[in-house]
1. Within segment 128-416, what is the number of lysine pairs with alpha carbons under 15 Å apart, leaving out pairs fewer than eight places apart on the same chain?
2. Specify the inter-centroid distance of segment 465-482 and segment 187-203, based on alpha-carbon positions, in whole Å.
3. By its C-alpha gyration tensor, with a ≥ b ≥ c as the square roots of the eigenvalues, how is segment 465-540 shaped: rounded for a/c under 1.5, else prolate for a/b larger than b/c, else oblate?
4. Kirkwood Rh over Cα pairs of segment 8-101 into Stokes-Einstein at 4 °C, 1.567 mPa s: D in µm²/s?
5. Contour minus end-to-end for Cys85 and Lys333, with contour as 0.36 nm per residue of separation and end-to-end as the Cα-Cα distance?
6. With a 10 Å radius around each residue's Cβ, average the other Cβ atoms per peptide and rank 485-491, 504-510, 463-469, highest first.
7. What are the GluC sites (Glu not before Pro) within segment 1-109 that DSSP puts in a loop, where the Cβ has at most 11 other Cβ atoms within 10 Å?
8. Please report the antiparallel percentage of the DSSP beta bridges confined to the chain, to the nearest 5.
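Nothing in this text is a laboratory measurement; each read-out follows from the coordinates by a stated rule. Worth saying up front: this structure is predicted, and the values here are computed from it rather than measured. Cβ atoms come from the backbone with ideal geometry, glycine included; neighbour counts cover every protein chain shown.
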Amino acid sequence: MNTKTVKSSKINKAFFVLAIILLTIILCLTYVHFGSTNIGYDGDEVFSYMSSNAEQGYKKLAALEDHTWYPSSYFRNALSVPSSCRFHYEIPIRNQATDVHPPVYYMLLHTVCSFFPESFSMWYGLSLNILLTLLSLIVLFFLLRCLIGGNYLPLLFCFLFGMTYGVINNMLFIRMYVLLMLLVTLQYYYHLHLYYSLLKRVDKWKPRQLITLSLITITGTLTQYYFLIFLFWLALIFCTVLLIQKKTKALLQYICTMAVSGIGCIVLYPTMLRHIFSGYRGEEAAHKLVKVQGIFEDLRDMLAIFSRQLFNRHLGLVLLILLVWAIILLLCKKISFKALLYSAVLAAPAALYFFTVTKISPYVIDRYITPVYGIIFGLIAAGFLFLAKTTVTNLSSRFLKYMLCFICLLGGIITSFHRPGERMEQSRYWFADRNTAIKEYTEKNGSCIYISVDEYHWKIWSEFPSFMEFDDIYYLDGIQWKPLQDERLQQMDEILVYIEDGVDADKAKAYIRRELGYRSCELAFESAFADGYLFRKPDA
């Protein structure tokens, strides 16, 4: 290799590294921008902190006593790591044993929070999610490089994917689904890597490859049980391909590795058996699996969510262009039917996961399909590039080749790039005016009342962060309606009252007026599970 070639190689490598740094900075700034616009928490997000950090257990903390004052420190402590319990991973493991999910994500969140004991911040969860999102993009880069080759185009497609509504939305949601997307993409990529290694005239894999496969499988399973749905379809197709190609040794290795991984999961977290087979989520999934009614409606709604979040509602157009383009090239004998079959096999695990999850998930909502976002986006991008390359090979004009490539890339930007000026929906479970209303109220008053009828005390979770704005909170059971004889409340000229969804609002208002002597009542703010009302006495 001559000096000129070496110099050119170094320049290209430096330029590529610079491109990675620049695009990563843009992505991070975008994620921080949307993170800073978050105005509330879903109860599940608050639960992530409680389950990760609450030494007493989330059930005990949320089961508040009727007619009892609670200082704001009570709610901060429920969401933060005590100084004496930093890096105590038995806390999230024990808490998740009483829930329906495995503990890996909660252990990671506990790790982040352990660096900041006795404190709570939205950014502990968001910083973890940003890191996991970037790792997902790295895995997607290697997946795309396997599919289309090169460096710059995989990097560009990863950047476009990272800027989609779906990825940003998923990053904002402080739950395990970002980690699940990372591990599902990694599992898919590693299976592709294992398959390609068999094409190099080998009949079996090395021990380190099987150990890596097992570690990914165990980590994914102990992150979210929906990982097993994807793994089932992926393993079924993978084993079928190995069987057809008569890779008997590799097939036996694979089956044994999956069996060992399953045993490892059970040994590490035996509670998973109860979660899957007797937990209420498992029962819900089994019930929906055999239910026929509403299948097409659920599928239509899930596809609409997918189209909006990854392709700015252009999924139908994108797939139509791909299909027509492929048929034209097939009729012109520019591509073979075998190539289309290969593409269908590549897409099958993610597509079957999508349909299965749509069928069994308790709600038609984005979080359940986000794990395969990267795979599907990557395959569609690879498909377009394959068709473009096949088409331009017959064009003599270099200008036309570049124009066609530019049109493809521009189409990718238009159909996927999420514009930072647009609002996100995820995590906006508090309406925008509530922060201002609470701030105005707490400038003059330090106490409030919360009225609940929730038997399982989960609706109040989403309000724990807002309770930190007060000095103390008075809890009322909205079923018993015992006489309210607290002296502090009797002396207050005005009081902010949270009336939880499910409480008879008219009855609650009449109760507060009667027991505390308030006359005026006005709606201060709304949110998903509790609206705030400001009560005042006549002379206030």
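1. Value for segment 128-416: 13.
2. 58
3. rounded
4. Numbers: Rh = 16.9 Å.
In µm²/s, the coefficient rounds to 77.
5. Details: separation 248, 0.36 × 248 = 89.28 nm, distance 6.62 nm.
Contour length minus Cα-Cα distance gives 82.7 nm.
6. On the way: 485-491: 11.0, 504-510: 14.9, 463-469: 20.6.
The densest-packed peptide leads the list: 463-469, 504-510, 485-491.
7. Working: sites: Glu45, Glu55, Glu65, Glu90; in loops: Glu55, Glu65.
Qualifying residues, ordered by number: Glu65.
8. Values: 17 of 27 bridges.
So the antiparallel bridges in the chain amount to around 65 percent.
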